[in-house]
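Colleague: Can you keep this structure in mind? I'll have questions shortly.
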Amino acid sequence: MEKIIRVQDAKYKVTANQNNETSIFIEKNIAKYLNLKDKEIYSFRIYKKNLIKAVTFTYSLNIKLYNKSKSTNLDENWLKNQLNIIDEHFKDKQYCVYEVSVNVSKNRFYFHSLEQKPSKLNIRNFLVAHHFKIIFNNEEEIQLEYSYTPYVDQTVGHTLYNQNKIYYGSPGTGKSYKINNILKNKKDRTERVTFHPEYDYISFVGGFKPITEKCARSEKEEIKYKFVPQVFTKIYVKAWNDPKNDYYLVIEEINRGNCAEIFGDIFQLLDRNFNCEITPSNELQQYLLQTLSEVNKGIINGKMSLPPNLNILATMNTSDQSLFPMDSAFKRRWDWEYIPINYDRSEENPSSKFQVILSNSELFYWLDFIEKVNAIIKQNYNLGMDKCIGNYFIKAVDNRIRLEEFINKVIFHLWNDVFKDENDSIFEENSFYEDFFPICDYGKAKVKDILKKINVDLITIEDD
């Protein structure tokens, strides 16, 4: 069992006017768990690797940090100095004993005496307000972790945390659109991939492939086998080599691939809560040693771990969830955000302006249509939300959707993937999808029949 306390005592703040606390406040239930008593000294084990990750994360923050009113520039000299302090204190040891004293004031518990001798290592120097938590486990170990509650500095609009996050919902709700907004002006720090049933670990991480090269002596072309990095390894190296900037790996349609096979042992790295490490294959390890810069810690003692500045964002259509079911161990390593269908008639909802053009004189609003159709879908126990249509299921050009596009994409989807085997349908009995063709002769009338059946208003455009 683990107990987490919130860090109130942190050297670095993100704004100059924040107060600097003098101690770490401990919740009562944790004080009871640790059996803390006033004026006593307690010893804990703190690990070198956790401090290295903490200072690397601090370095990755792309803003100024403040100690009281003084600002700190996070350059490479600062990073090297912090790493030297850690090396000097721990030397060849993996952990050291960290002693703190307890103070009880007004029935509140605090940790004091945070500086450790003889190297004067102070745990406060490795903490940033809002971004760290301290974990105690049954072995009386202190473990630093990054906070996953987003803190946005309003002066720079920068979100100071890393994450694994899946945006999920019905097709066309704007999941990719939301990610694209996050990635504005960050395309050069982004790798993107779409999962599919044939995608595998080598396609995601990399592996040996035949490469044609000219022989230095004869200048004849020879076939050699080399490790060829793929999307994950490429962004992994970029992020570690540039810790002051955020990097993003975007996975579209994550549930259309076999995640267990694709991620392989990389799966363990997703558990950021426990600073997980893995031993990469020999070929991957050799590639990382050749491509990672010396200043970072992308490969330590043959182990690799996720860069603190790497975000992994993914999209998932709930209608495709049965392709490759995700197990609970994989799911819990992600944050999840549901993207609902937006039925608001407002300027903030661009899809509210979309019109489906039946002719030069007739049209109906796309939002009216999906609202009525989705209501029917949700009432059907066999269908539910998974089959609903999102705002951007079909693209509109200048807010207009042509009848041909509507029938060939929307009607086909409803006929083939939604109402095909359902009695409660928007389509007439004993009718066929082919009845909509030719569109110019029959399509318009068939669509009008559907609109009438589901009570969607048809708008007549009067000539000027």
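Coordinate-derived values only; no laboratory data. Quick caveat, the model's predicted, so the values are computed rather than measured.
Colleague: Which value in Å is the Kirkwood Rh of the range 295-436 over different Cα pairs?
Modeller: 18.5
Colleague: How much length is gained if the chain between Glu27 and Tyr433 is pulled fully straight, taking 0.36 nm per residue apart and subtracting their Cα-Cα distance, in nm to one decimal?
Modeller: 139.8 nm
Colleague: Along the principal axes of its C-alpha atoms, what lengths does the range 162-338 span, in descending order and rounded to whole Å?
Modeller: 59, 34, 33
Colleague: Next question, about the same structure. Taking amide H positions as placed in the peptide plane 1.01 Å from N, state which residues far from Glu362 in sequence (5 or more) or on other chains have amide H under 5 Å from it.
Modeller: Ile461
Colleague: What is the extension gain from Asp242 to Lys187, computed as 0.36 nm multiplied by their sequence separation minus the C-alpha to C-alpha distance, in nm to one decimal?
Modeller: Numbers: separation 55, 0.36 × 55 = 19.80 nm, distance 1.49 nm.
The span from Asp242 to Lys187 would gain 18.3 nm if fully extended.
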